[in-house]
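Since every read-out is calculated from the coordinates, none of them should be taken as a lab result. These numbers come from a predicted model, not from an experiment. Cβ: placed from backbone, ideal geometry, glycine included. Neighbour counts: every protein chain shown.
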Amino acid sequence: QTIRVFAPATVANVSCGFDVFGFAVHEPGDEVFLTLRNTPRVKILSIHGDKGLLSVDPEKNTAGVAAQAFLNAYAPDAGVDIELFKGLPIGSGLGSSAASAAAVLFGLNRLLGHPADGKALLEFGLQSEKSACGSAHGDNVIPSLLGGFILIRSYHPLDIRHLPIPEDLYCTLVFPQVEIETRKARELIPKSIPLETAVRQWGNTAGLAAGFCLSDYDLIARSMEDLIAEPVRATLIPQYHLVTKSAQDAGALGCGISGSGPTVFALSKGKETAQKVREAMRSVYEKSHVSYQTWVSPLN
Ligand code: HSE
């Protein structure tokens, strides 16, 4: 029995919500084909679209690690063959490792008759993030599994909520093709934060959540400010300040770094504005001869 599963890219942090906000987009995403076997072995048959960067060794690949953990827990005598189609660039800040793991976990759960409840599935997702980059953050893998905009109020115990999404909200993504390792980008984050900075940051975090709940686009715009991760990570991203300024000038509500970057995301009210924003961001990279990919996607 074979199942085909798509899992979407995700924008983690959403500016001010380091490790606590994340949302899924419609594209790009990863796709897997899973076939159950009755010998206890996880096998990655092939990987497409990864430019040869990923290992087919299941112990060194997030899809394989997630599959093995799931089978150990629920079907130790079974195995699975995996074919992986990477629509997500690796090291792009779009939740590439999370999407592969999410697709495998969702698919295996389905194939085995739903032995894992929703919460258990999320815990497997967090563990696969830990194996991929050393930290069990959930702001990519949880929205990739569940869709929508996710608030992670607490990790221990895991307490998450879907936030309502304003009807006309669109996301523009621009990926300048440099690779950033999440593990390294996390090491840059300061370990202690002045109280004044923390106050501004949690004001923004609450403001962004309230903006989503109230469909208040102006409040969303005012809250899209990150004083903790963005200042240190922006230096890793080509033309970051120019690209975000051009997006704002073209009408974006706000912009930020998607996850640990280098993808830059912008939120806009309406598809037309999101497309204008895309053109503005694209032209910065055209002029500076940086290769890039772009997507525009509704949040709903
Ligand atoms: N919250 C995580 C980070 C997301 O910023 O490191 C990584 O994609």
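Here the relative contact order of region 1-87, from alpha carbon pairs under 8 Å that lie six or more residues apart, stands at 34 percent. Computed from phi, the 3J(HN,Hα) profile of region 23-39 under the Karplus parametrisation 6.51, -1.76, 1.60 (θ = phi - 60°) reads 9, 9, 10, 7, 8, x, x, 10, 10, 10, 10, 10, 10, 6, 10, 9, 10 Hz, with x in place of Gly and Pro.
The three principal axes of the Cα atoms in the chain give end-to-end lengths of 57, 42, 37 Å, sorted in falling order. The lysine pair tally for the chain, using Cα distances under 27 Å and a gap of 8 or more places or different chains, is 29. Per-residue extension of 0.36 nm, minus the Cα-Cα distance of R161 and S283, leaves a gain of 40.2 nm for this segment. For a modelled paramagnetic label at I3, 7 Å from Cα along Cα-to-Cβ, the residues of region 116-151 in reach, with backbone nitrogen under 20 Å, are 116-129, 141-148.
Entry note, the chain: relative contact order of 22 percent, from Cα contacts under 8 Å with a spacing of 6+ residues.
For the peptides 110-118, 24-32, 204-212, the ranking by packing is 24-32, 204-212, 110-118, with the highest mean count of neighbouring Cβ atoms within 10 Å listed first. In percent, rounded to a whole number, the relative contact order of region 189-290 is 22, using alpha-carbon pairs under 8 Å and six or more apart. Here the spin labels are modelled as points 7 Å beyond Cα on the Cα-Cβ line, and at L188 and Q293 they lie 2.1 nm apart. When each of the peptides 220-227, 155-162, 130-137 is scored by the mean number of other C-beta atoms lying within 10 Å of its residues, the order from highest to lowest reads 220-227, 130-137, 155-162. Exposure proxy shown here: for D139, D168, the number of other Cβ atoms within 10 Å sets the order, fewest to most, as D168, D139.
Using a simple spin-label model with pseudo-atoms 7 Å out from Cα toward Cβ, V232 and D218 lie 3.5 nm apart.
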